[in-house]
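A short worksheet on the structure shown next.
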Amino acid sequence: MWHFENCIGSFSGLEKMRKTVHWMMKNRATMVIWVVVIGKLISAVSLNQDLNLYWPSFLLFPATLKKLHLDVHIAPHDIQNAAKDFGGRHHFPPAAVVYPTSITDIQNVVRLVYMMGPYSKLTVAAKGFGHSLEGQAQAEDGIVINMQSFKGIQVHKESGKYTTPYVDVNGGELWIDVLRETLKAGLAPRSWTDYLYLTVGGTLSNAGISGQAFRHGPQINNVYHLQIVTGKGEIMNCSNDQNSELFYGALGGLGQFGIITKARIALEQAPEMVKWIRVLYSDFRAFTRDQEYLISKQDGPTFDYLEGFVALDKEGLLNNWRASLFTPQNPISLSTINTKGRVFYYLELTKNYNEKDRTNVEEEIRALLEPLSFIPSSVFTTDLPYMDFLDRVHAGEMKLRSKGLWEVPHPWLNLMIPKNKIAAFDKGVFKGILRNNSNGPIIIYPMNRKRWDDRMSAVTPDEDIFYLVALLQSAVSTHNLEYLLEQNERILSFCEKAGMGAKQYLSAHNTQDKWKKHFGFKWNKFVENKRKYDPHTILSPGQRIFRKSKAFSVL
């Protein structure tokens, strides 16, 4: 295997290289001009834009260009695509986009930038499917590593030293492809996100949550081993027993300490089918009481998935409740319910099963539903293959794409609210600030804090049970976007004034005080890990946690 040392072998010494690099970075304007000129020359002679070209190495190490074998793109459409994300509001064009096919490619990019030293302003961002909301996976005038080209899945039925079978997955793989591959062996990961077209490295850098989290914890709680390229360009294998500091730091670490290049993820036997149930509530306290009872149930059968939703008006209730795939066990006429000025809530539950166990599952579901306090005769059910249930959001995506409503700004707000404040949140936000109006789904469901490991960087409210509240809104116009952003600020202000102790999920803070408050008691360790594993503050600049300068600093 070719190593980075070959790249600097033509220099008389490392110090000479560093001095050269520092001079080039101080004359950055000259470098940019050369990049533009070279790009125009390439275009003028009709050469392939997809040359194996990485622009700093082209300028600094021309003799080693062929040895690097990096697939680097500087064409305008590649640059603009790298400056987009699902949020649709922040656009920070990089200088170049790298498409790695090996871990060595990723290591070479990071290590080259690291060797430029603290005087360099060049940064690196690993980007997956681009589902971040506020430019977190972008690198303005830096290098974006498009992880989707870094593929690889290997399923292991025999667990070895682990308690379950597992799958080794490259960081650029989408969860939908992990599911497809593991199902071939009759296996599947235990914890999911609602949307499967996200990369493994991306969700593990945040947490990865859905309706299975009350049973299995977030996705980061189901990882045995990580392979990481640190901000120094070092490849490190880590787990609970090996380089554990980096292992726990990277899980939920927002990409600050390294790029997750491979993960070993726990698997379980995959069911064939899913019984999907919806029940309706008009009383918020009954709605939350039932959810908390179900996620705290210790003995006997339980549901496999649990998520709640909010319907702020009759139209929202009808659109969500009358989904064509559901059939009522006992038909209920919503026209008989007075919905004017009222907020309704519905609970989604699933029970996994194999066809041979269908009868027993029906009996278990009846027993599980019996103590709940939903509106009588409001049970709607459907049966789906396991794959179809997990991929349920994709069908909605296709409908929105067909109507041109997918590629719009998404000013989402995701909050974690302590259990003892959720009733106040309902009154102040669902029945107050939102005023019976929403531009997208509102999700609300509880999780158990004991399923989260405090050694990980991810943070939660300091209470045994807390709720995820996700306002998944879409802006169909500039005016609408401004209104929704202002509404989000009002909600955050309400939470702050009410002393709710809320935490943002997929956070986007922009001051040192806010990030310190977000991480709480984990902040000092977070800063320590940054100094140790990314001392030149190269990685994930779009998170806006640390500022790149010749001396390590925070915002």
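Say each of N81 and L405 gets a label point 7 Å from the Cα, pointing the same way as Cα to Cβ; how far apart are those two points in nm?
2.7 nm
Leaving out ligands, DNA and RNA, and with a 1.4 Å probe, what % of the accessible surface on the range 185-320 is carbon or sulfur?
41 percent
Using a/c under 1.5 as the rounded threshold, could you call the range 411-555 rounded, prolate or oblate? The axes a ≥ b ≥ c are square roots of the C-alpha gyration tensor eigenvalues, and prolate needs a/b larger than b/c, oblate otherwise.
Oblate is the answer for the range 411-555, as a/c is 1.5 or above yet b/c matches or exceeds a/b.
Under a Cβ-Cβ cut-off of 15 Å, what is the net charge of the residues other than F150 that fall near it, where Lys and Arg count +1 and Asp and Glu count -1?
Computed value for this residue: -2.
Limiting things to C-alpha atoms, what are the Rg and the maximum Cα-Cα separation (Dmax) for the range 235-305, in angstroms?
Over the range 235-305's Cα set, Rg and Dmax evaluate to 19.4, 54 Å.
Contact order normalised by length for the range 189-309, with contacts defined as Cα pairs under 8 Å and 6 or more residues apart; what percent is it?
26 percent
Could you pull out the GluC sites (Glu not before Pro) across the range 387-475 that fall in loop regions by DSSP (anything but H, G, I, E, B) with no more than 16 other Cβ atoms inside 10 Å?
E407, E463
Give me the 1.4 Å probe accessible area per residue for the range 380-433, excluding ligands and nucleic acids, in Å².
The answer is 44 Å² per residue.
Which of K399/K427; K427/K516; K161/K184; K127/K275; K184/K275 have a Cα-Cα distance over 26 Å?
Exceeds cut-off: K399/K427; K427/K516; K127/K275.
How big is the accessible area of S205 in square angstrom, nearest 10, if you roll a 1.4 angstrom probe over the protein chains?
20 Å²
Report the label-to-label distance for E489 and R89 in nanometres (one decimal), using points 7 Å from each Cα along the Cα→Cβ vector.
1.0 nm
Net charge within 11 Å of L415 by Cβ-Cβ distance, Lys/Arg positive one each and Asp/Glu negative one each, not counting L415 itself?
Net charge in that neighbourhood comes out at +2.
FRET efficiency for E363 and R451, Cβ-Cβ distance as r, R0 = 35 Å, nearest 0.05?
Here the calculated transfer efficiency is 0.80.
Trypsin sites (Lys or Arg not before Pro), restricted to the range 169-215: which are DSSP loop and have at most 15 other Cβ atoms within 10 Å?
K184
Work out from phi, with θ = phi - 60° and the Karplus expression 6.51 cos²θ - 1.76 cosθ + 1.60, the ³J(HN,Hα) of each residue of the range 295-309, listed in order in whole Hz, and give x for Gly and Pro.
Karplus-based 3J(HN,Hα) across the range 295-309 equals 7, 9, 4, 9, 10, x, x, 9, 6, 9, 8, 8, 9, x, 9 Hz.
Express in Å², to the nearest 10, the accessible area of L400 obtained by rolling a 1.4 Å probe over the protein heavy atoms while all chains stay in place.
For L400, solvent-accessible area is about 70 Å².
With N set to the number of residues, divide the alpha-carbon radius of gyration of the range 462-538 by 2.2 N^0.38 Å and report two decimals.
The range 462-538 yields a ratio of 1.39.
Report the far tail of the P(r) of the range 143-257, meaning the percent of Cα-Cα pairs longer than 23 Å.
25 percent
Spelling out what I want: for every residue of the range 186-191, take phi, set θ = phi - 60°, compute 6.51 cos²θ - 1.76 cosθ + 1.60 (Karplus), and round to whole Hz; glycine and proline get x.
Couplings: x, 10, 6, x, 8, 10 Hz.
Rounded to the nearest 10 Å², what accessible area does M115 show when all protein chains are kept and the probe is 1.4 Å?
Result for M115: roughly 20 Å² accessible.
The values are calculated or read from the model by the stated rules, or taken from the named source; none is laboratory data. Values in this document were obtained by computation on a predicted structure and should not be read as measured data. Using ideal geometry, Cβ is built from the backbone for each residue, glycine included, and neighbour counts are taken over all protein chains shown. What goes into the accessible areas is simple: the full protein's heavy atoms, side chains included, and nothing from ligands, DNA or RNA. Shrake-Rupley method; radii C 1.70, N 1.55, O 1.52, S 1.80 Å.
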